[in-house]
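The structure under discussion appears below in the form of structure tokens.
The values are calculated or read from the model by the stated rules, or taken from the named source; none is laboratory data. Computed from a predicted model, the values in this text were never measured in an experiment. Glycine gets a Cβ as well: all are built from the backbone with ideal geometry, and neighbour counts include every protein chain shown.
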């Protein structure tokens, strides 16, 4: 099967979690015999075309007028994605797989121009991110998300929480939705045995301090403000603790001011953007990782911590509550509740035996439940399901004649609808 995968981010262009998801999924699908083209945005530090472990990556360079706003930029990007997508689809694509609303326009165009089915993955919703729709831009984005769901033969989401959210917000029928979790590749978080972690750790915390680690975008929905409140309480009970916050975002200035107002700024290390190597070493050096999100369809950072062998505390919200089993593979706190978050952090900081057991169980879950090979197999099954339904539909015999693809026979039950020759 030849699949065209559309995504607005793919390494080294990393905006959020979609980039790693698409990369790992595409590579795992290739191992299972799927021919995958990824068409994505260009990047000045990457080739326009490359073979990435079997995945054919096509990065479109932008030669567009400067857009006045984000929506215009999205439209121009989709025109560029479509230009390259047409070239690839004309060689005989079987299916288009779109990741999130940002590429919905080019995905729909390829679907209808080549009469091939579309599968959509909706990673999050505008409604969920903003706890409702409060302005015209948010309503427009939400409408495009519905549109992608409507045009898709199947919609993949990452958690049962997201399945319920999509069903409720967009009224998507149950037989169209498929829940397939995100995964993690533990090898991405390995640290060379030659690394001097003790020396590295001294750059972040004193030898007698325990470390709490957060990594993610600094936006309201990630709940870092709740973490700061919780850390202030934790310091009242355990003063030899340092909090490292890695990431950047529009809330950076507010969070720094909040830490100063709480009187804990000297105990918080705002690291800004960090590379993968630094991230991996921080995971290894930290005592606890925290994911205090207020909205989280899945929570890939929780899996990263689990894969790194560090106990994690998460908010019991969205997909995070499905990833972590309380007291078994991590700890769960009430979302938006600093006292609950502080209590769980303090529990782990004070009980090494509990931490060891949690890390062992978390490693087992990473290998058996959140393994990309398993996830790719489930995704491939969705592709097969869609393609089987497609071949039994009128669409399969109305494909443009100029598409370079072997001729197919009309299924007998549909032959009465077609008086012309089959393609």
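For the condition assigned to a helix (DSSP H, G or I) and touching a strand residue (DSSP E or B) at 6+ places or on another chain (Cβ under 7 Å), residue 137 does not qualify. Given the condition under 18 Å from the mean Cα position of the chain (by Cα), surrounded by 15 or more Cβ atoms within 10 Å (Cβ to Cβ) and part of a helix (DSSP H, G or I), answer yes or no: does some residue in region 168-176 qualify? Within region 168-176, none of the residues are under 18 Å from the mean Cα position of the chain (by Cα), surrounded by 15 or more Cβ atoms within 10 Å (Cβ to Cβ) and part of a helix (DSSP H, G or I).
Residues that are in a helix (DSSP H, G or I) and touching a residue at least 24 places away in the same chain (Cβ under 8 Å) were ranked within region 264-276; the one that is nearest to residue 301 (Cα to Cα) is 276.
Looking for whichever is in contact with a strand residue (DSSP E or B) (Cβ under 7 Å, 6 or more places away or on another chain) and not in a strand (DSSP E or B) here; the options are 19, 98, 28. Which one fits? Give the derivation first.
Working: 98 fails: not in a strand (DSSP E or B); 28 fails: in contact with a strand residue (DSSP E or B) (Cβ under 7 Å, 6 or more places away or on another chain).
Going through 19, 98, 28 in turn, the sole match is 19.
For residues in region 205-225 being surrounded by fewer than 23 Cβ atoms within 10 Å (Cβ to Cβ) and over 22 Å from the mean Cα position of the chain (by Cα), which is nearest to residue 293 (Cα to Cα)? Among those residues, the one meeting the criterion is 225. Among the conditions (1) crowded, with 17+ Cβ neighbours inside 10 Å; (2) within 23 Å of residue 386 (Cα to Cα); (3) within 20 Å of the chain's Cα centre (by Cα), the only one that residue 164 does not satisfy is (1).
Filtering region 349-365 for residues that are closer than 17 Å to residue 230 by Cβ and either touching a residue at least 12 places away in the same chain (Cβ under 8 Å) or part of a helix (DSSP H, G or I) (or both) leaves a non-empty set.
Yes or no: residue 305 more than 14 Å from residue 338 (Cβ to Cβ), modelled with pLDDT of 95 or more, under 20 Å from the mean Cα position of the chain (by Cα) and not in a loop (DSSP other than H, G, I, E, B)? The answer is no for residue 305.
To keep it simple, each residue is scored yes or no on (1) surrounded by fewer than 22 Cβ atoms within 10 Å (Cβ to Cβ); (2) outside the structural domain of residue 379 (by TED's automatic domain parsing); (3) more than 17 Å from residue 57 (Cβ to Cβ).
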site	(1), (2), (3)
79	yes, no, yes
88	yes, no, no
94	yes, no, yes
97	no, no, no
104	no, no, yes
109	yes, no, yes
118	no, no, yes
121	no, no, yes
